[in-house]
1. Taking the conditions exactly as written (closer than 25 Å to residue 23 by Cβ, open to solvent by 70 Å² or more (accessible area, probe 1.4 Å) and touching a helix residue (DSSP H, G or I) at 6+ places or on another chain (Cβ under 9 Å)), does residue 122 satisfy them or not?
2. Based on this model, can you work out whether residue 96 counts as closer than 14 Å to residue 6 by Cβ, free of Cβ contacts under 8 Å to residues at least 24 places away in the same chain and of a type outside the set (Val, Ile, Thr)?
3. Tell me whether the range 27-34 contains one or more residues that are farther than 18 Å from residue 90 by Cβ, part of a helix (DSSP H, G or I) and open to solvent by less than 90 Å² (accessible area, probe 1.4 Å).
4. Going by the conditions given, is residue 107 farther than 29 Å from residue 12 by Cβ, assigned to a strand (DSSP E or B) and of a type outside the set (Ser, Thr, Tyr)?
5. Spot the failing condition for residue 30; the list is (1) closer than 20 Å to residue 138 by Cα; (2) in contact with a Ser or Thr (Cβ under 7 Å, 6 or more places away or on another chain); (3) among the aliphatic types (A, V, I, L, M), and only one is missed.
6. Hey, does the range 90-104 have a residue that's at pLDDT 90 or above, open to solvent by less than 60 Å² (accessible area, probe 1.4 Å) and more than 23 Å from residue 13 (Cα to Cα)?
Amino acid sequence: MDDLRIRAAAPEDLDAVLAFWKVAAEGTSISDDSTGVERLVARDPEALILAERGGHLAGTVIAGFDGWRCHLYRLAVHPDHRRQGVGSALLAAAEERFVRLGGRRGDAMVLDRNVLAHHTWRAAGYAPEPQWSRWVKPLTD
């Protein structure tokens, strides 16, 4: 893992990130478009964290902190780089960011059907809270 580079995304990375998510991420989000990721990076330039290996994108995580809660989204590792510590390195970077900002607990959005992800999150010390459900309301079409 010595060749793994962790860094915040820059505006010039965003097209590559969107293309990467089509290959590496499970499911899609209403915000998976240029406008959505541009807004994220403009509002919080350190929230979108990238892992690169050999100059190529190997993984991503969004570590959003709103001043109250620490939210993790879009932990995605390219299939060719899975089970090599990329996800763990991204989560460590996200958690370090949260602690630096004063965060107390991270929560992650994980699809119920994504069993592979469940193993990853549990190994990192996360667990589902069955007393909560996610309630959503799209604000745009």
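1. So residue 122 does not fit the description; no.
2. yes
3. Looking for residues that are farther than 18 Å from residue 90 by Cβ, part of a helix (DSSP H, G or I) and open to solvent by less than 90 Å² (accessible area, probe 1.4 Å), one finds at least one in the range 27-34, hence yes.
4. In short, yes.
5. It fails just one condition, (2).
6. For the range 90-104, residues at pLDDT 90 or above, open to solvent by less than 60 Å² (accessible area, probe 1.4 Å) and more than 23 Å from residue 13 (Cα to Cα): present.
Conditions (1) free of Cβ contacts under 8 Å to residues at least 60 places away in the same chain; (2) open to solvent by 90 Å² or more (accessible area, probe 1.4 Å); (3) not small (Gly, Ala, Ser), marked per residue:
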site	(1), (2), (3)
48	yes, no, yes
56	yes, yes, yes
70	yes, no, yes
85	no, no, no
132	yes, yes, yes
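Yes/no matrix, rows are residues, columns are (1) closer than 21 Å to residue 29 by Cβ; (2) outside any helix (DSSP H, G or I); (3) touching a Cys at 6+ places or on another chain (Cβ under 9 Å):
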position: 71; (1), (2), (3): yes, yes, no
position: 88; (1), (2), (3): no, no, no
position: 92; (1), (2), (3): no, no, no
position: 121; (1), (2), (3): yes, no, no
position: 125; (1), (2), (3): no, yes, no
position: 131; (1), (2), (3): no, yes, no
position: 134; (1), (2), (3): yes, yes, no
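The values are calculated or read from the model by the stated rules, or taken from the named source; none is laboratory data. All values derive from a computational prediction rather than experimental measurement. Neighbour counts run over all protein chains shown; Cβ positions are idealised from the backbone, glycine included. All accessible areas refer to the heavy atoms of the entire protein, side chains included, with ligands and DNA or RNA removed. Shrake-Rupley method; radii C 1.70, N 1.55, O 1.52, S 1.80 Å.
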